[in-house]
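I have placed the structure first, in the form of structure tokens, so that the comments after it can refer back to it.
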Amino acid sequence: MKKSMNWKKKRKLAGLAALITAAALGLTACGDGAGSTEGSNTESTGNGSTGLEGSDAGSENGTTDAKQDDGNKTGGTFGCADDGTLRQDLTALEVVELMGNGINLGNTMEAYGRNDLGTEAEATRYETFWGQSVTTQEMLDGMKAAGFDTLRLPVAWTNMMAFESGDYTINSAYLDRVEEIAGYARNAGMYVIINDHWDGGWWGMFGSASEDTRKQAMELYKSMWTQIAERFRDYSDYVIFESGNEELGFRLNDTDIAEDSGTLSDDECYTVTNEINQAFVDTVRASGGNNEGRFLLIAGFGTDIKNTCDNKYKMPVDTAKDKLLVSVHYYDPSGYCINASLSTWGTKQDYQAMNDTLALMTKFTDQGYGVVIGEYGVLLETSGLKENAADYTQNFLNNCDLYGYCPVLWDCSNLYDRQSCSIIDMGMGRLYTKHSLEIQSGKSKEDIIAQAKKEMDADYENATEGAGVADDAAMAWIMYNSSDWNTMYSVGDVYAPDDKTAGVEATDVEITGEGTYTVALDFTGTSGGYANSVVFSAVAIANGETLFPGYYVEIKEILINGEPYEMKGQAYTASDDGKCTRVNLYNSWVSKVPDEARVLNDNGKELTPCLLDAETLGNVETISVTFEYVAE
């Protein structure tokens with residue numbers, strides 16, 4: 001996520017429980033492990049890190065000695081309880097079970113402050129740049145006590161890197177601070193995932209029009225992970241590296257930093273994503289020490305489940321056996337999870353959509369890859385939790401239990417209050433405790449699956465029947481999201497008229513064949529009385545591709561607030577899923593017109609996914625679209 005987002009095999013777990021016990025016994029102090037600091041001076045250096053140097057403490061369990069190289073400390077140099085253990089026979093599927101419940105330390109080390117602070121400020125100034133407090137051991141202890149077993153630590157490494165000049169050195173103070181926070185997590189008995197997050201959008205360099213810039217992007221990436229890997233090379237396999245975040249995908253074309261980005265086609269975005277993930281694995285493995293067998297978390301394509309399950313996405317080749325995990329995010333529906341446009345969730349269709357989507361990731365578990373849902377969660381409203389948030393979370397966590405995924409909550413001191421070090425809602429707190437490793441380690445895998453399935457079935461049966469359309473009928477409607485994300489109507493290829501902002505009135509029409517149809521939305525009944533411009537909109541026909549294959553949608557007229565609107569360019573008919581027909585009215589995420597786009601009467605204008613002009617559209621009280629539906 002970017003800045004503004006506040007808010008298993010059939011077997012007994014007895015063998016894994018033994019590993020848990022052994023690990024717990026090892027978390028007494030670094031002692032004989034690779035990071036022993038007994039007798040060391042722990043005086044603060046004044047920048048949120050300590051002044052410890054690396055110490056030599058070899059181990060006979062496959063670890064290497066802690067080292068210090070040009071001031072870059074490795075292997076538990078902050079007095080943390082990591083003992084450097086590498087569990088050679090533990091598989092990716094097994095470690096995901098042990099990772100239990102997870103939580104993100106959101107809006108903290110990935111807070112991007114270099115544009116204001118430069119690259120030489122104290123590390124904690126970046127840490128607090130987006131409004132979070134300086135992270136403490138007590139915060140991490142509280143997370144563990146609240147039922148969270150894994151900490152995902154998003155990081156913006158270029159905060160303290162002068163990469164524009166070709167110097168890809170990460171300031172040692174920043175590495176120190178990340179290592180110190182990772183140590184807090186290890187002291188608390190947690191796994192810790194370290195990644196490179198949005199990071200100001202430097203990832204767009206991979207999509208630059210300049211070959212030199214693209215090469216620099218890969219050099220930067222490899223240098224970054226070489227330094228991170230060397231710093232943590234002697235930590236145990238409780239420390240996991242993640243290759244990236246949501247940027248490994250279509251956002252390789254982002255123009256935040258590389259203004260000439262945007263050159264990659266959709267297929268090329270897949271190719272470059274695969275290359276980056278392979279470079280990540282190769283770089284980490286080549287750094288030696290425990291990194292030769294460390295668990296590595298591979299970012300899915302845009303961390304989107306459906307795109308990651310596309311066969312164009314490839315998991316990297318690895319020299320270590322059964323040590324790769326794959327990371328995706330789940331925020332569906334976005335109007336409920338991320339934005340304020342939906343306040344409720346919980347129809348049978350809602351449950352089914354979640355269950356169907358999460359089941360797709362068994363493609364990876366079936367191949368032996370662990371699955372981590374690296375971000376999920378429901379945005380808190382000013383009044384507190386959204387309606388049905390606990391129901392949503394319960395079904396999500398049960399899905400994770402059913403399929404053996406590790407869920408990692410996105411949180412920015414919202415649900416988990418970092419000041420009180422506790423969950424703000426008792427009901428949600430009970431859910432996380434119930435699904436924690438401590439509670440579940442005493443149960444067999446079969447019992448965990450059976451309990452999850454029982455609760456999922458009961459929740460589905462008790463849910464209300466939502467509106468929709470049968471497979472043998474076609475329904476046309478206008479998908480809509482306002483530019484402030486506060487107003488929406490049925491966004492997505494599945495017709496879901498219940499997924500709307502309160503007060504929206506829709507005119508949807510059943511399609512029976514060729515003819516002229518009009519669909520419309522009225523926003524005057526919403527709290528604001530209008531939709532603030534547009535960030536996404538499309539005319540869609542549910543089941544159009546299956547019931548009327550090859551038909552064309554020819555837009556004849558668009559009315560905005562009752563007045564005819566002059567469209568930009570020429571519309572085209574296409575489909576994302578081969579089932580729902582769509583004509584984009586405004587979709588800035590489409591980087592190029594798809595090859596399968598069809599137009600019946602070419603008027604000579606440029607084909608475009610943005611018929612509306614979002615910059616000048618203004619407040620939309622009503623919108624209607626009249627179109628002809630015709631066969632060739």
Problem - Those residues of segment 513-542 which are closer than 22 Å to N619 by Cβ, open to solvent by 30 Å² or more (accessible area, probe 1.4 Å), of a type outside the set (G, A, S) and not in a strand (DSSP E or B), in sequence order - result: T524, Y530
Exercise for the section: Check segment 544-557 and report whether any residue there is among the aromatic types (F, W, Y), over 25 Å from Y336 (Cα atoms), open to solvent by less than 50 Å² (accessible area, probe 1.4 Å) and not in a strand (DSSP E or B). Expected result: yes
Completion exercise
Residue hits (segment 293-319; touching a Gly at 6+ places or on another chain (Cβ under 9 Å), of a type outside the set (V, I, T) and either in a helix (DSSP H, G or I) or open to solvent by less than 20 Å² (accessible area, probe 1.4 Å) (or both)) are G293, F295, L297, A299, G300, F301, G302, N307, Y313
Completion exercise
If we keep only residues of segment 128-187 that are within 22 Å of M224 (Cβ to Cβ) and among the polar types (S, T, N, Q), then the residue farthest from the chain's Cα centre (by Cα) is S165
Completion exercise
Apart from one, (1) open to solvent by 60 Å² or more (accessible area, probe 1.4 Å); (2) at pLDDT below 95 all hold for E510; the odd one out is (2)
Exercise for the section: Those residues that are among the polar types (S, T, N, Q), part of a loop (DSSP other than H, G, I, E, B) and surrounded by 17 or more Cβ atoms within 10 Å (Cβ to Cβ), I need them from segment 558-575; list them, please. Expected result: S575
Exercise for the section: Could you list all residues from segment 333-367 that are under 18 Å from C400 (Cβ atoms), part of a loop (DSSP other than H, G, I, E, B) and either open to solvent by less than 30 Å² (accessible area, probe 1.4 Å) or modelled with pLDDT under 95 (or both)? Expected result: W345, M361
Practice task
Go through the residues of segment 254-271 one by one and say whether even a single one is over 18 Å from Y112 (Cα atoms), open to solvent by less than 30 Å² (accessible area, probe 1.4 Å) and of a type in the set (D, E, K, R).
Solution key: no
Practice task
Please work out which residue is surrounded by the most Cβ atoms within 10 Å (Cβ to Cβ), limiting yourself to segment 379-400 and to residues that are among the charged types (D, E, K, R) and modelled with pLDDT under 95.
Solution key: K386
Fill in the blank from the handout: Pairing a residue in segment 576-588 that is farther than 10 Å from V534 by Cα with any residue that is among the small types (G, A, S) and outside any strand (DSSP E or B), where Cβ atoms lie under 7 Å and the two sit 6 or more apart in sequence or on different chains, gives C580/G544; T581/G544; T581/S575; R582/S575; V583/A571
Exercise for the section: Give segment 195-251 a look and list any residue that's aliphatic (A, V, I, L, M), open to solvent by 30 Å² or more (accessible area, probe 1.4 Å) and part of a helix (DSSP H, G or I), or say none. Expected result: M218
Completion exercise
Selection from segment 368-378 of residues open to solvent by 10 Å² or more (accessible area, probe 1.4 Å) and farther than 14 Å from C406 by Cβ yields G368, V378
Exercise for the section: Write out, first by first residue and then by second, each pair whose Cβ atoms fall under 8 Å of each other, whose residues are 6+ apart or on separate chains, and whose first residue, in segment 461-472, is farther than 16 Å from A353 by Cβ while the second is in a loop (DSSP other than H, G, I, E, B). Expected result: D472/N543
Fill in the blank from the handout: Flagged pairs (Cβ under 6 angstrom, 6 or more apart or on separate chains; first in segment 360-379, closer than 18 Å to L415 by Cα; second aliphatic (A, V, I, L, M)) are G374/V408; G377/L409; V378/A389; L379/I338
Exercise for the section: Can you tell me which residue within segment 576-630, out of those that are part of a loop (DSSP other than H, G, I, E, B) and within 23 Å of G562 (Cα to Cα), is nearest to the chain's Cα centre (by Cα)? Expected result: P609
Handout entry: Criterion violated by M428 - all others in (1) under 26 Å from L93 (Cα atoms); (2) in a helix (DSSP H, G or I); (3) within 22 Å of the chain's Cα centre (by Cα) satisfied
Key = (1)
Problem - The one condition in (1) assigned to a helix (DSSP H, G or I); (2) within 22 Å of the chain's Cα centre (by Cα) that N414 fails to fulfil - result: (1)
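Yes or no: E164 open to solvent by 10 Å² or more (accessible area, probe 1.4 Å) and either under 21 Å from D83 (Cα atoms) or assigned to a helix (DSSP H, G or I) (or both)?
Yes, satisfied.
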Exercise for the section: Test Y416 against the criterion of being of a type in the set (S, T, Y), more than 14 Å from H435 (Cβ to Cβ) and either crowded, with 21+ Cβ neighbours inside 10 Å or in contact with a strand residue (DSSP E or B) (Cβ under 7 Å, 6 or more places away or on another chain) (or both), and give yes or no. Expected result: yes
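The values are calculated or read from the model by the stated rules, or taken from the named source; none is laboratory data. None of the values given here were measured: they were computed from a predicted structure. Cβ: placed from backbone, ideal geometry, glycine included. Neighbour counts: every protein chain shown. Areas reflect the complete protein model, heavy atoms only, side chains present, ligands, DNA and RNA absent. Shrake-Rupley method; radii C 1.70, N 1.55, O 1.52, S 1.80 Å.
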